[in-house]
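What follows draws every value from the coordinates through simple rules; no lab data is involved. All values derive from a computational prediction rather than experimental measurement. Because the Cβ atoms are built from the backbone with ideal geometry, glycine has one as well, and the counts that use them run over all protein chains shown.
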Amino acid sequence: LSSSSARSKPVVSALEIGGVTIDKDDVVKDDPTNNVPDSIYTKLGLQLHKRDKHPLGILKNAIHSYFDTNYSGKFVKFDDLCPIVSAKENFDDVLVPADHVSRSYNDTYYIDAQTVLRCHTSAHQAELLRNGHTHFLVTGDVYRRDSIDSTHYPVFHQMEGVRVFSPDEWEASSKDGTTYAAEDLKKCLEGLARHLFGAVEMRWVDTYFPFTEPSFELEIFFQEKWLEVLGCGVTEQEILKRSGNVDKVAWAFGLGLERLAMVLFEIPDIRLFWTSDERFTSQFSKGQLGVKFKPFSKFPPCYKDMSFWISDSFTENNLCEIVRAVAGDLAEEVQLIDNFTNKKGMTSHCYRIAYRSMERSLTDEEINQLQFNVREEVESKLKVVLR
Ligand code: FA5
Ligand code: MG
């Protein structure tokens, strides 16, 4: 038994989300099946998407009103479902294969071997379908171990949409169910993009998801690049069959709310969604879609490079997790800038870390201390040899 005094003091001890109380003291700190750091626990329950004056709340409300208007209120909305779900709900129920990378401890936060922080709102699809819902929207915070840059953050928000069709709906057309649903899906999402953005440059890209076939991603041109804003497709028959929807066809989508809000409000960095700096929060108000964010003076970034010989178990997500643990939101980007293998077969990586505060300028001492701490942690936790 681990004594509670041996553990570091939890940042949050009890949380209530969606009617479920989670006691963080129940989670044993050195449990090898738990890879959730305190910085992630502190984000649980914040529910930015439920704040009417926050860009994510404003966006969610605007999407709800698009669906209310176009489908006369038929879509049932959920924005309070608990982000702690079983691995079965997050993966098996949406047909994610047993060996899929997304299940790994490298990609997903596990509370224990059977329980995860949902990595997508698709975790709720099967249950809601089983409960007989045919039109629904689910909004919530989702969690992923991921890289560090201006469009990726380990906690972000998704909105899931699902619509189920009965045979009479497509039989009236000359199309088969899958074609009918795919066309309806694209029309619905293109309409949503126009509702939110007016004219915007967008394109469809074919992709793969275990739970849909065919599958698509929508990309929007933003800051000189194509930015992926959503994934979607026609629901696999197996999911419908298991939920008691035999003979039906459905579509589903998962929107990245931060990505859409970045385009909509011209928010340049995903970390800003988490700031309580009034220079950010005061720029947004309830129901106001049209405002463009005016950046307050941008402070200079500071770049620090580090090189090391990697071992077989090295992953970039593990490195990023350490950088986040040490530097928090002061870490703006972690980028591999050099990679080579010598004659002995040893591989060296050089990473460039950009440190920048969104709120103030950082001192040299502060950055040197951060970089020193990152190097120490990397050396002791990642089994690499610093150069
Ligand atoms: C999914 O999560 C699927 N569940 C979406 C889906 C639902 C497909 C239903 C089909 C049917 P994906 O991993 O691509 O897909 O993520 C969806 C969106 O979330 C992305 O398009 C992107 O907008 C956003 N996103 C993904 N990772 C991050 C991140 N680290 N930070 C911010 N946004 C992210
Ligand atoms: Mg994707």
Task: Signed unit charges on C-beta, dipole axis of the chain, positive-most listed residue Trp170, Thr341, Gly233 - done: Thr341
Task: the chain - charge dipole about Cα centre, Lys and Arg +1 at Cβ, Asp and Glu -1, debye rounded to 20 - done: 640
- [ ] Give the cross-link partners of Lys286 among the aspartates and glutamates, using a straight C-alpha distance below 15 Å as the criterion and excluding same-chain residues fewer than 8 apart.
- [x] Asp52
Task: Helical contribution to [θ] at 222 nm, DSSP H n ≥ 4, -39,500 (n - 2.57), averaged over the chain, rounded to 500 - done: -8000 deg cm²/dmol
- [ ] On a C-alpha basis, how far is the centre of the range 234-287 from the centre of the range 71-87 in Å? Whole number, if you could?
- [x] 12
TODO: Provide Rg and Dmax in Å for the range 205-340, with only Cα atoms included in the calculation.
DONE: 20.3, 58
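Where does each of 86-93, 206-213 land if you order them by average Cβ count within 10 Å, highest first? Could the numbers behind the result be given before it?
Values: 86-93: 18.6, 206-213: 16.8.
Per-residue mean Cβ counts within 10 Å order the peptides as 86-93, 206-213.
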Open item on the list: Could you tell me which residue out of Gly198, Ser122, Leu81 lies farthest along the dipole of the chain toward its positive end? Charges go on the beta carbon: Lys and Arg +1, Asp and Glu -1, centred on the Cα centre.
Closed with: Gly198
Open item on the list: For the range 114-167, place one equal point scatterer on every Cα, skip the solvent, and apply the Debye formula. What is log10 of I(q)/I(0) at q = 0.19, 0.28 Å⁻¹?
Closed with: -0.72, -1.10
Open item on the list: Among DSSP bridges having both ends in the chain, what percentage is antiparallel? Round to the nearest 5.
Closed with: 95
Task: Geometric extent, Cα atoms of the chain - Rg, Dmax (angstrom) - done: 22.2, 70
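Taking the mean number of other Cβ atoms within 10 Å as a proxy for protection, how do you rank 334-347, 55-68 from highest to lowest?
Values: 334-347: 10.9, 55-68: 19.9.
Highest to lowest by the protection proxy: 55-68, 334-347.
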Open item on the list: Taking 8 Å as the Cα distance limit and 6 or more residues as the minimum spacing, I'd like the relative contact order of the chain as a percentage.
Closed with: 15
TODO: Specify the inter-centroid distance of the range 157-233 and the range 371-387, based on alpha-carbon positions, in whole Å.
DONE: 44
TODO: Have a look at Phe284, Ala62, Thr179 and report the one farthest towards the positive end of the charge dipole of the chain, computed about the Cα centre with Cβ charges (Lys/Arg +1, Asp/Glu -1).
DONE: Phe284
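If I take R0 = 30 Å and measure r between the Cβ atoms of Ala172 and Ser65 in this structure, what FRET efficiency does the formula 1/(1 + (r/R0)^6) give, to the nearest 0.05? Before the final figure, lay out the partial values.
Details: r = 28 Å, r/R0 = 0.95.
The calculated FRET efficiency here is 0.60.
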Task: Check: the range 229-358 dipole with +1 on Lys, Arg Cβ and -1 on Asp, Glu Cβ, in debye - done: 200
